[in-house]
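Before anything else, here's the structure in question.
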Number of protein chains: 4
Amino acid sequence: MGSPDFESLRQRIKTFAAERDWDQFHDPKNLVMALVGEVGELTEIFQWLTPPEAANAMSDPARAEAIRDELADVFYYLLRLCDVLDVDLPVALQAKLTKNEARYPVEKSRGNAKKYTEFTS
Amino acid sequence: MGSPDFESLRQRIKTFAAERDWDQFHDPKNLVMALVGEVGELTEIFQWLTPPEAANAMSDPARAEAIRDELADVFYYLLRLCDVLDVDLPVALQAKLTKNEARYPVEKSRGNAKKYTEFTS
Amino acid sequence: MGSPDFESLRQRIKTFAAERDWDQFHDPKNLVMALVGEVGELTEIFQWLTPPEAANAMSDPARAEAIRDELADVFYYLLRLCDVLDVDLPVALQAKLTKNEARYPVEKSRGNAKKYTEFTS
Amino acid sequence: MGSPDFESLRQRIKTFAAERDWDQFHDPKNLVMALVGEVGELTEIFQWLTPPEAANAMSDPARAEAIRDELADVFYYLLRLCDVLDVDLPVALQAKLTKNEARYPVEKSRGNAKKYTEFTS
């Protein structure tokens, strides 16, 4: 059993919500807020760790499972939001990467922490 | 040109960062913070919209592009974080969905707003 | 017993952390992440509520207490962060309000949803 | 001119919004989302800094002003939200601190990173 592709995940999530009649809660503002909540839970796992502890976070099995679960929750709501907004997420990322490759030419951007803003602005 | 798969996106993102020597910034805590920043920017697009305006957000071309860009940025940092933590995101989501299907049986969960907590706890 | 002022809250919080030897965890990045976590928990309370339910959220005593607790947690980390960064929060807000009063003249800003960005940019 | 107190800040903010007829946007869900956006902007300032750079973040005057502005924006929306929900923020914090002083006795909590969850759960 290999790694599932986008389309099968999107479908499974859509079915999961539809079977429970949860579509009524899944409007864009609510889903953005749910995404915020899950990112908050992910953040709480890392907040008091030192950088070396954070780099080694997956070595503890219980914590590793908690991290995988939170990453999955973030992705779940991101995919639901894309479904509701009719956005093809992999295509959107591909388009953004093409923009950013033009915006941050390799020569000018290399190791540049000062001007480093990447996707943030 | 079809929709890219996970593996090709993960690789392209990894190369994007490596070519610019940005791996040095991409430790787990920093990437979680970057994810927070992008979710914040996505939230700002929706914060003052009424629910009907939000449901119709993609009808304005400029706003639609801004939304696709922010969704892409969120996904970018989510994939980078998974890469750094060595988490297979689609597999993690699949595992979480299996857990949640057991946790929220269809009959007991249907349309239940009161007990509705879904992935949040 | 009246409402405490800023200085007494700041001092009580500082003492609370110092007595538990938690200052070691309270560097700016960690405190920003803790603030994110608390804002996430606050968001989770409101995420599935309709706007009328949200407007009426304090009518349920258990939920009202949960909301007051989360608002307090957000404020706690905001004050800790200001303490660590040596920022006088009420003075900073006063200065920002003065900027924004100039930036958003009453006549041009009245009820303007389209251009309404307020503090966000 | 000293530091303003809570009540004068709350009043000034309330007037600021009312004069611009922005109350219509300030329902609880929207204000929570605006708070998320501002915390996101604050996070972006710190995300790529090393811990020593973050500890020294206020030494750069332009960055110090940006940080003060974002802290003020977070506080602005936190106070607006409390006003709309009719929560007395300093009283709520005082009550939460009393709870937490009982929950985290000094002797058991001292320097305890492992069990350290503080306000997060």
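Derivation of every value follows stated rules applied to the coordinates shown; laboratory data play no part. The shown structure was predicted, so the numbers you read here are calculated from the model rather than taken from an experiment. As a convention, Cβ positions derive from the backbone with ideal geometry for all residues, glycine included, and neighbour counts pool all protein chains shown.
Would you please classify the overall shape of the stretch A:18-121 from the alpha carbon gyration tensor, given that a ≥ b ≥ c denote the square roots of the eigenvalues, rounded means a/c under 1.5, and beyond that prolate means a/b larger than b/c while oblate covers the rest? Can you show the working numbers first?
Numbers: a/c = 2.52, a/b = 1.16, b/c = 2.17.
It is oblate, given that a/c is not under 1.5 and a/b is not larger than b/c.
Apply the a/c threshold of 1.5 to the C-alpha gyration tensor of the stretch C:1-78 and tell me whether it is rounded, prolate or oblate.
Working: a/c = 3.11, a/b = 1.63, b/c = 1.90.
The shape class here is oblate.
Using the Karplus curve 6.51 cos²θ - 1.76 cosθ + 1.60 with θ = phi - 60°, work out ³J(HN,Hα) for each residue of the stretch D:70-78 in order, rounded to whole Hz, and write x for Gly and Pro.
Working through the residues one at a time gives 5, 4, 5, 4, 4, 5, 4, 6, 5 Hz.
What ranking of C:THR50, B:THR15, B:THR43 emerges when the number of other C-beta atoms within 10 Å of each C-beta is taken as an exposure proxy, fewest first? Walk me through the numbers before you get to the answer.
Working: C:THR50 15, B:THR15 12, B:THR43 26.
If I rank by nearby Cβ atoms, fewest first, I get B:THR15, C:THR50, B:THR43.
By its C-alpha gyration tensor, with a ≥ b ≥ c as the square roots of the eigenvalues, how is the stretch C:14-58 shaped: rounded for a/c under 1.5, else prolate for a/b larger than b/c, else oblate? Walk me through the numbers on the way to the answer.
Working: a/c = 5.41, a/b = 2.68, b/c = 2.02.
In terms of gyration-tensor shape, prolate.
Now, a different point. Given the C-alpha centroids of the stretch C:12-85 and the stretch B:54-87, what is the distance between them in whole angstrom?
27 Å
Compute the relative contact order of chain A as a whole-number percentage, counting only Cα pairs closer than 8 Å that sit 6 or more residues apart in sequence. Write out the running numbers ahead of the final one.
On the way: 48 pairs, mean separation 35.8, N = 121.
Rounded, it is 30 percent for chain A.
Skipping prolines and chain starts, which residues have an amide H placed within reach, meaning under 5 Å, of the one on A:ASN56, given they are 5 or more residues away or on another chain?
For A:ASN56, no residues qualify.
Something else about it: List nothing, just return the count: lysine pairs in chain A, 8 or more apart or interchain, with Cα separation under 24 Å. Mind dumping the intermediate values first?
Values: A:LYS14/A:LYS29; A:LYS29/A:LYS96; A:LYS96/A:LYS108; A:LYS96/A:LYS114; A:LYS96/A:LYS115; A:LYS99/A:LYS108; A:LYS99/A:LYS114; A:LYS99/A:LYS115.
Taking the Cα cut-off of 24 Å, the pair count is 8.
Take chain D, connect every pair of alpha-carbon atoms lying under 10 Å apart with a spring to form a Gaussian network, then pick out the residue of D:PRO90, D:PRO28, D:PRO105 with the largest mean-square fluctuation.
Maximum among the listed residues: D:PRO105.
Something else: Only helical DSSP H runs with n ≥ 4 go in: add -39500 (n - 2.57) per run for chain C, normalise by residue count and round the 222 nm mean residue ellipticity to 500 deg cm²/dmol.
Working: 6 runs with 82 residues, N = 121.
Using -39500 (n - 2.57) per qualifying helix, the result is -21500 deg cm²/dmol.
What is the dipole size for the protein assembly as shown, taken about its Cα centre, with +1 at each Lys and Arg Cβ and -1 at each Asp and Glu Cβ, in debye to the nearest 20?
Rounded to the nearest 20 debye, it is 0 debye.
Right, another one. Stokes-Einstein D for the protein assembly as shown at 4 °C, 1.567 mPa s, Kirkwood Rh over Cα pairs, in µm²/s? Walk me through the numbers before you get to the answer.
Details: Rh = 23.1 Å.
Roughly 56 µm²/s, to the nearest whole number.
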